[in-house]
Structure formats: C-alpha cells, structure tokens
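Just below is one structure, and these are the notes that go with it.
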Amino acid sequence: MKTFHILPPDEQIRSQLQAKIDNLTKPKGSLGTLESLALQIGMIQQTLSPRLNHPQNIIFCADHGITEEGVSVSPREVTWQQTIHFTQGGGGVNFLCRQHGFGLKIVDSGVDYDLPYKLGIIDKKVRKGTRNFLHEAAMTEEEACRCLEYGAEVVRQCHAEGSNLLSFGEMGIGNTSASSLWMTLFTGIPLEQCVGAGSGLSNEGISHKLSVLQQALENYTGDHSPMDIIRYFGGLEMVMAVGAMLQAAELGMVMLVDGFIMTACILAASRLYPAVLHYAIFGHQGDESGHRLLLEALGAHPLLHLGLRLGEGTGAICAFPIVDSAVRMINEMDSFLGASVTKYF
C-alpha cells in the first residue's frame, strides 16, 4: 500500500501567528471564526502571510455494486450522465467554480460506462464500478491501493500547477450507503443513525436501505482494520478521495471538505493517518441524515449550514469566501502599532 509522510504542522510559529492576529485593529477575538481559520492556514503554510493560490475542485466519479439492492432512488446511469454533464459547464459545481475562481478536474475513478475522455475527463478508471458488498468485498486490496495512488497522482498534478488549496467532490449513485458503513464502523455510532435518504428515498426506502446495510455488516468477515473496512465497503471514487486527501496533507495543502460522503472520506483517511485532520477545513453541515453526528465525532466545526446535499464539492466551494476573508484579514488589516491606533480592549 502507498505510504504517506504526514505530520502535524510545526508548532513553533503558532505564538507569532496568534500575536499577529491579536494585534490587528480589532478587539481580540472579535472576528471569531476568521481568526481561527487564519491561524490554521498560517500553521499549515508555516507563514505569517498565508496565500490561497489557484484553488481547484476535484470530482471523483464511480459506480457502486450495492445499487443492485435498490438502496438509491436514482438510477445507476445518472453517474455517467452527470460525469459527462460536468464537462459541459451546466452542473451545480460548475457555476460555483466559475463564481469563486476554482479550476475543475473531473476524474473517472470507476464509472460503469465508456466515457469520452476527449472531453477532458481524467481517466483513472480502476474497474467499472465496485462489487456488491452485500455479498463480497467492494474491491480487492490491489484495487484499493491503486485508488489511493491515483487520487494522490491527481493532487500532485494540481500542486505542480501551483494550487495550494483543494476541495473534493464526488459523483456516484449509491455512495451514501458506503459512507454510512464507514461511519458506523469507524465511529461506533449505530447504523440506524448513519443511514439517510441519499438522493431522495422515502421512509420506506430508507428502511429498506437500512435493512440491506445491516445485512451487509452481518455478512462482513474481514479483520476490521482500517484498510480492510475501506476496501470492503468503500467506493472507488471514495478511496481515490482518501488518497487525494492524504497526498494534499503530505504536501501541506489546505483542504476544503464537502458534505457527508467527503466527510466520511476524511474520517477514513484519519484512521490511516490521524494528522490529516490538521489540514482540513469543513465547509458545511449538510442535510443528509448522520452528517451532523459524523462532524461531531470528528470534532469538526463546519462553516455553513445551508441545507445542501448535492455533493460534487458544492458546499466546500460555497464556504471558500469565508476562508478567503480569513486570509485577507491577516494580510490586509493594519496592526495597532502600524496604524497608530490605541488598543481599545
């Protein structure tokens, strides 16, 4: 399995960063979350003057074998249709990328379709969808390791292009089922609290989904190690996102974490390398059942709560202006000394 070298940011600069933030022309702490974000980003970048360069959103796309069990209201073909649609500029993630100046990379991690790569889709297909984890592991160890490496490769490409901030999204019918199983196995939260409506299941549909996932858990005969759980129940796009997150942390990049699926991915990544969480900013709390509990389990404080549940990276990108404001604050506000203003707190 690919290994990563991820350490918490060096603490030596923390006191200098905090002093700079505290001595801006404002009462101490009066800009709240902007101050904590500025501190986190300065720590990640190890500088008193952090910068956000060439932000990009990466969407990993793949199909899930568990959809054979009727756990999603959306048909399987939506995965490939939406993957192509993203290249045409009319998706939810597209207008947000344009609005906030994000580059967009669309990655075929394992879509069950022969996609037209000439449209700009990045070909990292490992297989055409996962196996049905109700009956067997979603992927082999070798396939999971390839996903980790491919996700890391895409991030290294972004880094070479000058990016130091990334957001991650996904497209994969059935991936809330995989995320729910990762959530219960990695946190101990009962499965019924981890399972929600996905793209719009009725109460009856949610009950069926829960029954299927409960049976899948009962059928699981693995060793419960993090990597075994990841490969047994995960999606190809999800494991690729895990590899991407780990690579971003190793490179000292800022990560904006999107909704339920991407939060499940950073959870899985943290079970492999706990220090990855130092590099993560949680964009929002979505409306998928279980997302709030998952964020709480991670000790995360999301920036927004807008009732979003689209995925694709949309919630993370929506949160970007707040992150940008934090960086502008530390760089553009005067200090009391520089502005010849008496401290008024």
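Annotations for the structure displayed:
- Anisotropy class of region 67-209 from Cα gyration tensor, a/c 1.5 cut: prolate
- Set of lysines near K118 by C-alpha distance (under 24 Å), chain-local residues within fewer than 8 positions excluded: K105, K128
- Rounded to 10°, Cα long-axis angle of helix 175-187 versus longest principal axis of the chain: 70 degrees
- Helix 203-219 axis, angle to the chain major axis (alpha carbon atoms, nearest 10°): 80 degrees
- Nearest-ten-degree value, helix 141-160 long axis tilted from longest Cα axis of the chain: 30 degrees
- Note on H278 and V78: the extension gain reaches 68.5 nm, defined as 0.36 nm multiplied by sequence separation minus the Cα-Cα distance.
- Helix-derived mean residue ellipticity, 222 nm - over the chain, DSSP H n ≥ 4, -39500 (n - 2.57), to 500: -14500 deg cm²/dmol
- Distance histogram in 20 Å bins (all Cα pairs of the chain, percent per bin): 32, 55, 12, 1
- Computed lengthening from Q157 to Q214, 0.36 nm per intervening residue step minus Cα-Cα distance: 16.6 nm
- Counting only DSSP beta bridges with both residues in the chain, the antiparallel share comes to about 5 percent.
- Cross-link reach list, lysines versus K343, counting only Cα pairs under 25 Å and skipping chain neighbours closer than eight places: K20, K26, K28
Readers should treat all values here as calculations from the given coordinates under stated rules, not as data from a laboratory. What you see is a predicted model, and the numbers here were worked out from it, not measured in a lab.
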